[in-house]
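> Could you have a look at this structure, given as structure tokens, before my questions?
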Amino acid sequence: MTDVPKRKTTSLLLVAVAGLITAASLTHWLDTHTSPPDPTLQEQELYLSAGAARRLSLGFNALVADWYWMRSLQYVGRTILNAREHVELDDLGKLNLKLLSPMLDAATALDPEFIEAYEYAAIVLPPIDVNEAIRITRKGIDANPNAWRLYHQLGYIYWQQRDYATAARIYEQGAAIPGAPEWMKAMKARMAVEGGSPATAREIYIRLYEQSGDQKIRDMARRRLLQLDSSKEVENINKVLNAFRSRTGRCINSWAEITPAFRAGGIGMDATGTPLDPTNMPYRLLDEGCSVELAPQSEIPKR
């Protein structure tokens, strides 16, 4: 009887070793079949298709899917770090990320239930290749028909494209899935009536923040919410500045001249009367005191 546990232990060890060998072999294959890094773009060509990855995984699909997932995150992170300016996760179209779609496609082909990878594709891919973003997200829905979160992600893509009618249909389909939250129905109605409104944008980013399991996506959604708050504040501050100019025929020389109006309008200020953005950074005067903008060091996206 004592030989049975030993045989089971040996079998498990052999499986684990085989998995490690598979992962190491795949990594070596990829590394030896990639061209030297482009010193300008800092990226590598990927020659391994999703189908080839499945064949080489030798049954360790989840393990290799995780490898592709981590590689895609590193690829995006490295490219952002090498960019000359800060870019948001949902605004990467200006960067050359042509390998991201194949990586995410491979990860989801190896593990069709990899919800986080589909979610990442829906957020990051649209500015790079919106058709690929839609295709991969729809692939996720086909493989996970009860995952209402993926309908939210697909609706988000169409909302970004200002195709509010299609977004409304997507949310309606997702809302019909058992277990889908009530706000999915509300999103369908909101898209149909006021798809392009700031209120709809706020609802979209609130739900992304609440539902995402990826901290980077949550951070992006938080900053977009701050951006919405700041846009409204800038609008209110500029109204005060315009009213002062209409009354006096000139722009302000200092914030102190309109501090009472800020107090009356509920605009947040520091001790000197300088208005503060939602992160408590001071706004900056422009046009010789006629308008304002976010400070360069503010974490709120400028666009």
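> Please state which one of Ile217, Ile252, Ile237, Ile258 is more than 30 Å from Asp163 (Cα to Cα), buried (at least 17 other Cβ atoms within 10 Å of the Cβ) and under 35 Å from the mean Cα position of the chain (by Cα).
Ile237 is the lone residue from the list that is more than 30 Å from Asp163 (Cα to Cα), buried (at least 17 other Cβ atoms within 10 Å of the Cβ) and under 35 Å from the mean Cα position of the chain (by Cα).
> Based on this model, can you work out whether Leu150 counts as under 27 Å from Gly93 (Cβ atoms) and in contact with a Phe, Trp or Tyr (Cβ under 8 Å, 6 or more places away or on another chain)?
Judged against the criteria, Leu150 is a match.
> Also, I was wondering about something else. Tell me, yes or no, whether region 265-284 has at least one residue that is on the phi > 0 side of the Ramachandran plot and surrounded by 13 or more Cβ atoms within 10 Å (Cβ to Cβ).
Yes, region 265-284 contains a residue that is on the phi > 0 side of the Ramachandran plot and surrounded by 13 or more Cβ atoms within 10 Å (Cβ to Cβ).
> Please go through region 241-269 and pick out each residue that is under 14 Å from Val292 (Cβ atoms) and in a loop (DSSP other than H, G, I, E, B).
Hits for region 241-269 are Cys251, Ile252, Ser254, Ile267, Gly268.
> Can you tell me which residue in region 74-91 is surrounded by the most Cβ atoms within 10 Å (Cβ to Cβ), limited to those that are of a type in the set (A, V, I, L, M) and without any contact (Cβ under 8 Å) to a residue 12 or more places away in the chain?
So the residue we want is Val87.
> Can Ala65 be described as buried (at least 23 other Cβ atoms within 10 Å of the Cβ) and either at pLDDT below 90 or more than 30 Å from Trp183 (Cα to Cα) (or both)?
yes
> Identify the single condition in (1) within 16 Å of the chain's Cα centre (by Cα); (2) surrounded by 16 or more Cβ atoms within 10 Å (Cβ to Cβ); (3) of a type in the set (D, E, K, R) that Lys94 does not satisfy, given that it satisfies every other one.
Lys94 satisfies all of (1) within 16 Å of the chain's Cα centre (by Cα); (2) surrounded by 16 or more Cβ atoms within 10 Å (Cβ to Cβ); (3) of a type in the set (D, E, K, R) except (2).
The values are calculated or read from the model by the stated rules, or taken from the named source; none is laboratory data. Owing to the predicted nature of the structure, the values given are computational and were not obtained by experimental measurement. Neighbour counts are summed over all protein chains in view; Cβ atoms, including those assigned to glycine, are modelled from backbone coordinates with ideal geometry.
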